[in-house]
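Asks: Below you will find the structure I want to go over with you.
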Amino acid sequence: MKTDKNQIAVKTITKHALQLWCLLTAGLLLSACKPEAQVAKDVDPTGVYALVSVNGSTVPASVSHDGTALQVRSGSFTIKADGTCGTKTVFVPPSGTEATREVSATYTKEGSKLTMKWQGAGMTTGTIEGNTFTMDNEGMLFVYK
């Protein structure tokens with residue numbers, strides 16, 4: 001039985017194409033097998049954090065809340081080891097007179113997630129990642145460092 005050069009070339013190309021397909025498939029499968037993010041159990045959130053941005057805008061930041069425009073000038077978030085926390089925010093409402101709002105809460109911690117129960121108000125959640133505390137407050141994203 002005699003094999004001509006065209007048949008050998010076709011077999012070689014087919015072999016290389018199959019090898020390339022196997023490598024690409026293996027690469028795709030391996031890239032999809034990333035380990036799941038682990039929630040750190042030993043995160044110590046205690047400390048005083050300074051407000052750095054609101055809704056992605058660096059403080060001082062002009063923001064809108066419930067249809068009202070205001071400027072957030074500064075803020076801090078204090079997390080204590082006893083399960084309490086508090087925030088102090090300096091802002092300028094439409095009246096133009098600077099105001100300071102201080103509120104307190106109790107919190108529970110699950111890994112890097114904090115759930116705050118505010119005195120006289122509702123609940124919010126936040127997360128600790130490194131030296132950054134991020135809190136979603138009624139759809140507004142506050143980032144503290």
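The values are calculated or read from the model by the stated rules, or taken from the named source; none is laboratory data. Everything numeric in this text was worked out from a predicted model, so none of it was measured. Remember, those area values only see protein heavy atoms, side chains included, never the ligands or the DNA or RNA. Shrake-Rupley method; radii C 1.70, N 1.55, O 1.52, S 1.80 Å.
Asks: Quick one: Karplus J couplings for region 71-85, per residue in order, coefficients 6.51, -1.76, 1.60, θ = phi - 60°, nearest Hz, x for Gly and Pro?
Replies: Coupling constants for region 71-85: 10, 8, 8, 6, x, 9, 9, 10, 10, 9, 5, 7, x, 10, 8 Hz.
Asks: Could you sort 101, 73 by accessible area so the largest value comes first, with the probe set to 1.4 Å? Before the final figure, lay out each step's value.
Replies: On the way: 101 140, 73 105 Å².
So the residues, ranked largest to smallest area, are 101, 73.
Asks: I've got another one for you. Quick one: which residues, 5+ away or cross-chain, put their amide H under 5 Å from the amide H of residue 114? H built at 1.01 Å from N.
Replies: Amide H neighbours of residue 114: 126, 127, 128.
Asks: Same structure, new question: Once fully extended, how much extra length lies between residue 100 and residue 78, figured as 0.36 nm per residue of separation less the alpha-carbon to alpha-carbon distance?
Replies: Values: separation 22, 0.36 × 22 = 7.92 nm, distance 1.55 nm.
Full-extension gain reported as 6.4 nm.
Asks: So how do 66, 44 rank on accessible area, 1.4 Å probe, biggest first, that is with the largest at the start?
Replies: Values: 66 135, 44 105 Å².
From most exposed to least exposed: 66, 44.
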